[in-house]
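Okay, so here's the structure we're looking at.
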Amino acid sequence: MAENPAYPVGLRLTGRRVVVLGGGQVAQRRLPALIAAGADILLVSPEATPSVEAMADAGEISWERRPYREGDLADAWYALIATSDTEANTEASAEAERHRVWCVRSDDADKATAWTPATGTSEGVTVAVLTTNAKGRDPRHTAAIRDAVVEGLRDGTLVAPHHRTRTPGVALVGGGPGDPDLITVRGRRLLAEADVVIADRLGPRDLLAELPPHVEVIDAAKIPYGRYMAQEAINNALIEHAKQGKSVVRLKGGDPYVFGRGMEELQALAEAGIPCTVVPGISSSISVPGAAGIPVTHRGVAHEFTVVSGHVAPDDERSLVDWPSLAKLTGTLVILMGVDKIGKIAETLVAHGKPADTPVALVQEGTTAAQRRVDATLETVAETVRTQEVKPPAVIVIGEVVTVGPRTSA
């Protein structure tokens, strides 16, 4: 056979007969894609794996429990030959050739008339990687290329711009606690596809350097507020850019709905008729303690954890937190945005029954290269913050879980 390259093509198999010979591991791997393609599938095999049998029981495929026999491929559009009987495979391959049925052989690719590429999907796009000729075929290499391309499309490291009109709108993306690797795959992809990014100070800043040069990056802290309150100005910036037909990402630290005012932005966009997508993020309330070696729950120590905003002191009339009740809980208390109020918070908890020697950990710049952990107790935490010069952003963990694990951060 001449060593000409294979000609790649996408088969539209909806409602068309596909015959699969053999019900083993090869069929188990290939059948789901054929089912997804809408093919009318006939499996011919005396036996099948439990997974393949389940497909037949569910009515996704038809199964004739017998060996291959002449004539099985007469009405097929496509055939997958994957039995353990070499003689049967050869006979079936010859029948496929006579009937001009494209045929894949798992036991001898050189004698097949078609090859199955390594495939993957991302946002409605199928990536198929195929060796150019039979000599030197390396399925693991093609699979590795497939994986690299698909992963790049999914996480935004491989940017493929849309050239047709996109629906303008806003995505509220939770960027995670700070480490750029901790943003979700979807969040990273939307970030790579954005025209405008309005970023918080606490968002993963390193990701902004990876954006294409045409992307406009706006620091939310520097938006001119004029007569508006800060949040109103941000809302208006989101609306104005979206109305210009741009794809806008609002990049936030942590999760948009955990003290991130994400719902306020969503409501403003809804009132303006702007479509909005919300992409959850990893909250610093869990991830930052974990990065510092602190589990927020632990068997026999804490069966619950409570996350509280500490931006308003306990004695402030604006506070919505029931601090006396929190003092009575035996679980873990996680406080965000509370560094400058921790003295008053600790005093209030102790006044309402929390032991003064309750362990406290403050984790500054969690998950980043500058991560720093400082330990104290409720009695000493105010002085510790002052002498150790603990600065925001820092997550404060109060409870016995602080002493459970080994220290993983200085």
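Residues M337, M55, M263 in ascending order of nearby Cβ atoms (within 10 Å, fewest first): M263, M337, M55. For the chain, DSSP calls about 35 percent of its internal beta bridges antiparallel. Per-residue extension of 0.36 nm, minus the Cα-Cα distance of T330 and A58, leaves a gain of 93.0 nm for this segment.
Placing dummy labels 7 Å off each Cα toward the beta-carbon, the span from R100 to E379 is 9.2 nm. Cβ crowding within 10 Å ranks S122, S287 as S122, S287, fewest other Cβ atoms first.
As a test, work out the antiparallel percent of DSSP beta bridges whose residues both lie in region 17-155, rounded to the nearest 5. Here the antiparallel bridges make up roughly 25 percent for region 17-155. Applying 1/(1 + (r/R0)^6) with R0 = 56 Å to the Cβ-Cβ distance of R29 and D357 gives a FRET efficiency near 0.45. Calculate how steeply helix 230-243 sits against the longest principal axis of the alpha-carbon atoms of the chain, using the helix alpha-carbon long axis, and give the answer as 0 to 90 degrees to the nearest 10. Once rounded, the angle reads 30 degrees. Positive end of the dipole of region 22-134 (Cβ unit charges, origin at the Cα centre): among A58, A36, G71, the Cα lying farthest that way belongs to A36. Between T387 and N236, the distance separating the two model label sites (each 7 Å from Cα on the Cα→Cβ line) works out to 4.9 nm. In terms of surrounding Cβ atoms within a 10 Å radius of their Cβ, S106, S84 rank from fewest to most as S84, S106. The gain in end-to-end length when the A144 to A209 segment is fully stretched comes to 20.7 nm, 0.36 nm per residue minus the alpha carbon separation. The angle between the Cα long axis of helix 139-155 and the main principal axis of the chain comes to about 40°, on a 0 to 90 degree scale. Lysine pair count for the chain with Cα-Cα distance under 26 Å and sequence separation of 8 or more or different chains is 17. Of the beta bridges in region 174-279, as assigned by DSSP with both residues counted there, near 10 percent are antiparallel.
Axis of helix 262-271 versus longest Cα principal axis of the chain: the two differ by about 70°, to the nearest ten degrees. When the GluC sites (Glu not before Pro) in region 290-388 are filtered for DSSP coil states and for at most 14 other beta-carbon atoms within 10 Å of their beta-carbon, the remaining sites are E304, E317.
Each reported figure results from applying straightforward, stated rules to the coordinates on display, with no laboratory input. All values derive from a computational prediction rather than experimental measurement. We place every Cβ from the backbone using ideal geometry, glycine too, and count neighbours over all the protein chains shown.
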